[in-house]
Amino acid sequence: MVRTALVVTFFLCPFAIAQVSGPGTAPVAVASTAAIKAITGTVADSTGAIIPGAQVALTDASGVTFATVTTDATGAFQILPPHAGTYSLAVTLAGFQPSTEPVTVGQGASAPLNVTLAVATAVQQVTVSAGTQVDLTASENNGDTEVMTANDLKDLPVFDDDLVGAMGGFLDAGQAPTSGSALMVDGVEANRSLVSPSAVQEVHINQDAYSARYYNPGRGQMEIITKQSADVYHGQFNFLFRDSALNAQQDFSPSRPFEQRRIYEGNLTGPVLHSKNTMFLFSFNRAEEDLNAVVNATVAPTPDNPSGIYNVNVPAPTRDTEFSLRIGHQFGEKNSASVMYAFQDASNTNAGVGNQTLPEAGYNTETREDDLIFHDDYVASPTMLNQASLVLERSYDPISDVQEGPQINVNGNYVGGSAQNDQVRTEYNLRGSEIVTWTQGPHTLKFGVNLPHFSRRVLDDHTNEAGTYTYSPTYAADGSLIATAIDNQLAGNPSGYSVKQGQTRFVYQQREVGGFIQDQIKIKPWFSITPGLRYDWQNFLTNDRNDFSPRLSFALVLNQAHELVLRGGGGVYYDRSGSGPLADLARYQYAKLRLLQISANQQPLCYPIDDCLDTAVLPPSFVELAPNIRTPYQIQYGLSLDRKVGEKGTVSIGGRMNRGVDVYRSIDINAPLPPYYSSRPDPNASQLRQIQSEGTQIGSALDINYRGRFNKRFTGFAWYTWSHYANNTSGIWWFPQNQQDPNADWGPADWEQRNHFGFYGMINPQHLLNLGVGVFANSGKPWTVLTGTDAYGDNLFNARPDAVARNSEIGPDYADLDLRWGYDFKIQPKELDKSPTIGVSVSSFNVLNHVNGSYVDTTEGSADFGEVISAYPPRRMQLAMRFNF
């Protein structure tokens, strides 16, 4: 279900000496030992947004109140109990139902507890777990969810503190649309997290898998909840360092490639000019990385290099500067608002270099993004909450070639000459979201609108202006190799040629809007059902306006004592094309940008092309939409069973099914005809790419998940999935091998990994002798055997050997063990939890130095065919320091 709520998180921390007082009580001096713990926590709504101003009161069994505090603008609080024992912690805030949580203070640290406070209503029926006020039927208590919190980031081996990258392994590529997996930041889609890692409160995946609020299924998107501003000054500053001197040898590299990474990151929050109602949050991130790309290619032999093996390390430094400033104001008990500016400036030198791509074919990138975000929360009544966000976004992304000239593509051996990737992309985008939550009796109604893209895009396209030559092997009729692709390159016999001419500047619009309504109905205290309906529109297919998506989910408590809950649901999810297909139509629908292509099947080619062909007489290529095209959609449905294990852990076992209908593909409807494939039916056009929605996909998965605290020594989360996806298309830019038989390419999906395992855990958390662990293991992805030739004369070079199916081979498996040790030392131990701390940590990634192959040479006729020729990084060490105050 989706509901507006307050999530209260508590944990117990050690202290030495304190004085606690509260309304109607006298100060109590406490001379404690390490056994007495302070109670601290945070308050947030169901979207994860932290809520300031909630009142937290600590009472004992006799009803005596020992302390009352108010959460700060980060939602944080702390209360010191006078002695060990059992207490009640009451949390209240106008517009929400109060909650009372039993808390036991004793020896040993406790893991965070999650308590849900729903929007106030006259009647509420919930089924709660023993000793807590947790609604077991609530979607946020779904056991099939991955959550990483700010506290987890301090304890887990997260590479470069990259939360998005760390959690990305828990996404499912089979649930992503054409535009890719979505990233939501505080309820609105975004290109990046907008704040530094230390200013992130939580990251969620699959929290509400079948909600009508979202475009994508649960594992097709990631949600980031950022920290809120505080009314007292707090800060955190981090420094991370890596150096190749601490790394193992990189596989397929001639020597250990130099690498050094320096990250300066942090945040600062507090009141603006000592105001009690106006607070700020400033975050920054500066990442500097000097690394090398490893090139492992085979080039034409020379007297200095008779073997032709080209294996070098190429410098590929990156720089990234980001900062954000948010100012929030509390206008009263019912209304709060904030405005934030976020900035990014990043660059990458020699991008694209590595594996079989030579240094000369690299390119340099820059990224400049500016975001202005407005957010408003308004409690309209005790049963109604309105949340609105508006984002103004500008991005500027120029790309320049390292070297100019024609690109030379020798299939299965190397890519050289030039990247031919000069372009500039500029986007002016408006995003927005407004959601209303209303509770009445057993109903929690949510409805709203989303505006992920209302943008004006400008593309200055100078790609491939100098042309691209493609060289292939030559085979005899019996399949034996006559000449390698390098032999044909030395002889000046290309198999294909393409070049772009004409208009270079294109302005186009990308517009997407959606609306939804859903109602979580508490039919019984132990059973809830959530029907919903979503409607989406995008300007890519203006003739298809019937994209209504019904959704339904339920939760049934089977055993309250064991927190045994059966969950299920299903829904329809329409595809989102993204900006790429719109750019293709802007350039090629009327051949404003003339893409000229020719195959050696049509006439002999040479290098340089002007020696044998006048390219001015070549017909252009076109892109069009099929007359009967419609928006693809997925049907997703599944069941899962959750059960409590250990102290605060949950195991979930479930299955899900996926069916893709009317999936996108591309067909060259002007492809040369058999048997010789030497001439196109329409001589006035070259490739006539028709975007169709004729593909099909099926998939199934078995998920086993664990998350939570097993005992005081271990807490963490894990996910294992067995899955199988098959289809007859790889997406909107994919062409079949034979354009005359487009349905003959059924096979495993490109992203399929039969076994997928991920684990993050903390052993002995908050103790000096602690250990953070990450374990990841995946089956290999499929790959297709290619001849490297243009057997069908369409300049696509995707032909396979006879009787060889698409994606018939399996690539290398992946296995990785990551470890981290760290500890925060108090600068002023007598100040208890108010003391500033200095933290140090050491992390090691790929501890066992397992060789994880990343690329297989797929071209028959090449020297390395079928072999792994590049690998993911070896064992690396990361050192970090942190200062908190």
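The values are calculated or read from the model by the stated rules, or taken from the named source; none is laboratory data. This one's a predicted model, so the numbers in the text were calculated from it and none came from an experiment. Here Cβ is always computed from backbone atoms with ideal geometry, including for glycine, and neighbour counts include all displayed protein chains. Please note that ligands, DNA and RNA were not included when accessible areas were found on the heavy atoms of the full protein model with its side chains. Shrake-Rupley method; radii C 1.70, N 1.55, O 1.52, S 1.80 Å.
Name the single residue that is farthest from Q510 (Cα to Cα) among those in segment 581-595 being among the small types (G, A, S) and within 34 Å of the chain's Cα centre (by Cα).
Applying the first criterion (among the small types (G, A, S)) to segment 581-595 yields 583, 586, 591.
The next check asks that each one be within 34 Å of the chain's Cα centre (by Cα); those that pass are 583, 586.
Values: A583: 9, A586: 11 Å.
Applying the filter and picking the extreme gives A586.
This table checks each residue for (1) part of a strand (DSSP E or B); (2) surrounded by 19 or more Cβ atoms within 10 Å (Cβ to Cβ).
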site: R511; (1), (2): yes, no
site: D519; (1), (2): yes, yes
site: G570; (1), (2): yes, no
site: Y573; (1), (2): yes, yes
site: R576; (1), (2): no, yes
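Consider only pairs whose beta carbons are under 6 Å apart and that are at least six residues apart or on different chains; among these, list those whose first residue lies in segment 719-737 and is buried (at least 19 other Cβ atoms within 10 Å of the Cβ) and modelled with pLDDT of 95 or more and whose second residue is part of a strand (DSSP E or B) and of a type in the set (F, W, Y).
I732/Y664
Taking segment 539-558 as the search range and keeping residues that are in contact with a strand residue (DSSP E or B) (Cβ under 7 Å, 6 or more places away or on another chain) and open to solvent by less than 20 Å² (accessible area, probe 1.4 Å), which one is farthest from I629 (Cα to Cα)?
Quick first cut of segment 539-558, residues in contact with a strand residue (DSSP E or B) (Cβ under 7 Å, 6 or more places away or on another chain) only: 539, 545, 547-558.
Okay, now just the ones that are also open to solvent by less than 20 Å² (accessible area, probe 1.4 Å), so 547, 549, 551, 553, 555, 557.
Details: D547: 13, S549: 18, R551: 24, S553: 30, A555: 37, V557: 44 Å.
Going through the qualifying residues, I end up with V557.
Does R319 count as under 21 Å from P873 (Cβ atoms) and open to solvent by 50 Å² or more (accessible area, probe 1.4 Å)?
Yes; evaluated as a whole, the condition is true for this residue.
Within segment 261-279, how many residues turn out to be open to solvent by less than 40 Å² (accessible area, probe 1.4 Å) and assigned to a strand (DSSP E or B)?
Residues that pass the stated criteria total 11.
Only one residue in L605, L585 is modelled with pLDDT of 95 or more and not in a loop (DSSP other than H, G, I, E, B). Which one?
Answer to the check: L585.
Residues to consider are G861, G788, G866; find the one that is within 30 Å of L605 (Cα to Cα), at pLDDT below 95 and in contact with a strand residue (DSSP E or B) (Cβ under 8 Å, 6 or more places away or on another chain). Before you say what the answer is, go through the steps one by one.
Working: G788 fails: at pLDDT below 95; G866 fails: at pLDDT below 95.
So the residue among G861, G788, G866 that is within 30 Å of L605 (Cα to Cα), at pLDDT below 95 and in contact with a strand residue (DSSP E or B) (Cβ under 8 Å, 6 or more places away or on another chain) is G861.
Go through segment 411-428 and report how many residues are open to solvent by less than 10 Å² (accessible area, probe 1.4 Å) and in a strand (DSSP E or B).
1
Can you say whether Q503 is crowded, with 18+ Cβ neighbours inside 10 Å and under 30 Å from N429 (Cβ atoms), as far as the supplied structure shows?
Values: crowded, with 18+ Cβ neighbours inside 10 Å: no; under 30 Å from N429 (Cβ atoms): yes.
Criteria not met by Q503.
If I filter segment 325-334 for residues that are at pLDDT below 95, out of contact with any helix residue (DSSP H, G or I) (no Cβ under 9 Å at 6 or more places or on another chain) and over 23 Å from T226 (Cα atoms), do I get at least one hit?
We begin by selecting, within segment 325-334, every residue at pLDDT below 95; these are 328-334.
If we keep only those that are out of contact with any helix residue (DSSP H, G or I) (no Cβ under 9 Å at 6 or more places or on another chain) too, we end up with 328-334.
Next, only the ones that are over 23 Å from T226 (Cα atoms) stay: none.
Among the residues of segment 325-334, not one is at pLDDT below 95, out of contact with any helix residue (DSSP H, G or I) (no Cβ under 9 Å at 6 or more places or on another chain) and over 23 Å from T226 (Cα atoms), which makes the answer no.
So if I check each of N238, N247, which one is at pLDDT 95 or above, open to solvent by less than 50 Å² (accessible area, probe 1.4 Å) and in contact with a Ser or Thr (Cβ under 7 Å, 6 or more places away or on another chain)?
N238
Would you confirm whether or not segment 473-495 contains a residue that is under 30 Å from P581 (Cβ atoms), out of contact with any strand residue (DSSP E or B) (no Cβ under 6 Å at 6 or more places or on another chain), buried (at least 22 other Cβ atoms within 10 Å of the Cβ) and polar (S, T, N, Q)?
Within segment 473-495, not a single residue is under 30 Å from P581 (Cβ atoms), out of contact with any strand residue (DSSP E or B) (no Cβ under 6 Å at 6 or more places or on another chain), buried (at least 22 other Cβ atoms within 10 Å of the Cβ) and polar (S, T, N, Q).
(1) of a type outside the set (A, V, I, L, M); (2) out of contact with any Phe, Trp or Tyr (no Cβ under 7 Å at 6 or more places or on another chain); (3) buried (at least 21 other Cβ atoms within 10 Å of the Cβ); (4) not in a strand (DSSP E or B): which one isn't true of G780, the others all being true?
Among (1) of a type outside the set (A, V, I, L, M); (2) out of contact with any Phe, Trp or Tyr (no Cβ under 7 Å at 6 or more places or on another chain); (3) buried (at least 21 other Cβ atoms within 10 Å of the Cβ); (4) not in a strand (DSSP E or B), the lone unmet condition for G780 is (3).
Residues are listed down the side, and each one gets a yes or a no for (1) touching a residue at least 60 places away in the same chain (Cβ under 8 Å); (2) buried (at least 20 other Cβ atoms within 10 Å of the Cβ); (3) within 32 Å of the chain's Cα centre (by Cα):
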position: T784; (1), (2), (3): yes, no, yes
position: T789; (1), (2), (3): yes, yes, no
position: P812; (1), (2), (3): no, no, yes
position: D857; (1), (2), (3): yes, yes, yes
position: M881; (1), (2), (3): yes, no, yes
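What's the number of the only condition in (1) open to solvent by 20 Å² or more (accessible area, probe 1.4 Å); (2) closer than 30 Å to L768 by Cβ; (3) of a type outside the set (V, I, T) that R659 fails to meet?
The one condition R659 does not meet is (2).
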